[in-house]
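Read through the structure below, which is laid out as structure tokens, and then see the notes.
The values are calculated or read from the model by the stated rules, or taken from the named source; none is laboratory data. Since this is a predicted model, take the numbers as computed values, not measurements. Here Cβ is always computed from backbone atoms with ideal geometry, including for glycine, and neighbour counts include all displayed protein chains. SASA here: full protein model, heavy atoms, side chains in, ligands and nucleic acids out. Shrake-Rupley method; radii C 1.70, N 1.55, O 1.52, S 1.80 Å.
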Amino acid sequence: MSFDRSIKIAPSILSADFADFGREIQAIEAQGADWVHVDVMDGHFVPNLTFGPPAVKAFRPHVKTFMDVHLMIAPVDPYIDAYAEAGADMITAHVEAGPHIHRTLQAIRATGKMAGVSLNPGTRAEAIADVLDLCDMVLVMTVNPGFGGQKFIHSGVEKTRRIRQMIGDRPIHIQIDGGVTPETAPLVAAAGADVLVAGSAVFKGGSVENPGAYGKNMRAIRMAAEGARKDAA
Ligand code: DX5
Ligand code: ZN
């Protein structure tokens, strides 16, 4: 995949119909999703449980764009190979998930997949300064991970600006996850984010029978973000 900083919308299938993932993925892609974001939770690192490797493997044939797997699990390292084999294109691990994020990112890269590093709202930008060269993406959490539908935490905007400066001209994406809406997307886009994850704001009002609402929701987020980029330029 060639690198660019254009705005990309990555719907989180955490807000999809859990009985119909194949058609939900097809619907969001047909309606303009750039990536598909898969939230993996372990009931330990975060207080919720979602998808093991067999579930992610079952999503894979439906994803024609890019499968972005966000691991909210601890420990991470024992599961990297399984999620790589399940077909992730990007695997993101949390800096808070263990003492050895450097080793974890090396292990992700060793699978041939792209590697992301994520920071919770309570973690400072500097925590990832020494691993940036092992990363293809930094994920700035703008909610405490675990659930969809939470309120955007505004300190993530300044953190995004700081990380954008730290990245300089390196080909590293900045992803925002949590509470992204047409109201909050412009703030992070102007600060330097390019990949916007959104769950509730994409899936609200739509269904596989009414996928047009997904398209409308994604266009609203994209337009707001692109508008803010123009204003910032
Ligand atoms: C939170 C997850 C998010 C979440 C986003 O733990 O990582 O991807 O599903 O949901 P919204 O967009 O509803 O905040
Ligand atoms: Zn996520």
The range 69-91, subset within 15 Å of ligand 1 (Cβ to nearest atom) and touching a residue at least 60 places away in the same chain (Cβ under 8 Å), residue nearest to the chain's Cα centre (by Cα): HIS70
So GLY205, is it on the phi > 0 side of the Ramachandran plot and free of Cβ contacts under 8 Å to residues at least 24 places away in the same chain: yes
Complete set of residues in the range 21-48 that are assigned to a helix (DSSP H, G or I) and open to solvent by less than 50 Å² (accessible area, probe 1.4 Å): PHE21, GLY22, GLU24, ILE25, ALA27, ILE28, GLU29
Options VAL56, VAL46; residue that is within 14 Å of ILE13 (Cβ to Cβ), touching a residue at least 12 places away in the same chain (Cβ under 8 Å) and of a type in the set (A, V, I, L, M): VAL56
Selection count, the range 215-233, where residues are in contact (Cβ under 8 Å) with a residue 60 or more places away in the chain and either in contact with a Lys or Arg (Cβ under 9 Å, 6 or more places away or on another chain) or open to solvent by 40 Å² or more (accessible area, probe 1.4 Å) (or both): 4
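Inside the range 88-125, can you point out the residues that are in a loop (DSSP other than H, G, I, E, B) and open to solvent by 10 Å² or more (accessible area, probe 1.4 Å)? Spell out how you get there, then give the answer.
First, pick out the residues of the range 88-125 that are in a loop (DSSP other than H, G, I, E, B): 88-89, 98-100, 111-113, 120-124.
Residues satisfying the conditions are ASP89, GLY98, PRO99, HIS100, THR111, GLY112, LYS113, ASN120, PRO121, GLY122, THR123, ARG124.
Those residues that are crowded, with 20+ Cβ neighbours inside 10 Å and away from ligand 2 (no atom under 16 Å from the Cβ), I need them from the range 170-180; list them, please. Give the derivation first.
As a first pass, look at the range 170-180 and keep what is crowded, with 20+ Cβ neighbours inside 10 Å: 172-180.
Of everything in the range 170-180, just one residue is crowded, with 20+ Cβ neighbours inside 10 Å and away from ligand 2 (no atom under 16 Å from the Cβ), namely ILE172.
The rows are residues; the columns are (1) over 27 Å from PHE3 (Cβ atoms); (2) more than 14 Å from ligand 2 (Cβ to nearest atom); (3) open to solvent by 10 Å² or more (accessible area, probe 1.4 Å); (4) touching a residue at least 24 places away in the same chain (Cβ under 8 Å).
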residue: ASN144; (1), (2), (3), (4): yes, no, yes, yes
residue: PRO182; (1), (2), (3), (4): no, yes, yes, yes
residue: LEU196; (1), (2), (3), (4): no, no, no, yes
residue: SER200; (1), (2), (3), (4): yes, no, yes, yes
residue: ALA213; (1), (2), (3), (4): yes, yes, yes, no
Subset of the range 59-74 (residues that are surrounded by 15 or more Cβ atoms within 10 Å (Cβ to Cβ) and assigned to a loop (DSSP other than H, G, I, E, B)): VAL63, THR65, PHE66, ILE73, ALA74
Subset tally (residues that are open to solvent by 30 Å² or more (accessible area, probe 1.4 Å) and hydrophobic (A, V, I, L, M, F, W, C)) for the range 126-142: 3
Some residue of the range 99-109 being within 15 Å of VAL197 (Cβ to Cβ), modelled with pLDDT of 95 or more and touching an Asp or Glu at 6+ places or on another chain (Cβ under 8 Å): no
Subset tally (residues that are hydrophobic (A, V, I, L, M, F, W, C) and closer than 17 Å to ASP177 by Cα) for the range 82-96: 4
Qualifying positions in the range 1-20 - open to solvent by less than 30 Å² (accessible area, probe 1.4 Å), farther than 17 Å from ALA185 by Cβ and touching a helix residue (DSSP H, G or I) at 6+ places or on another chain (Cβ under 6 Å): ALA16
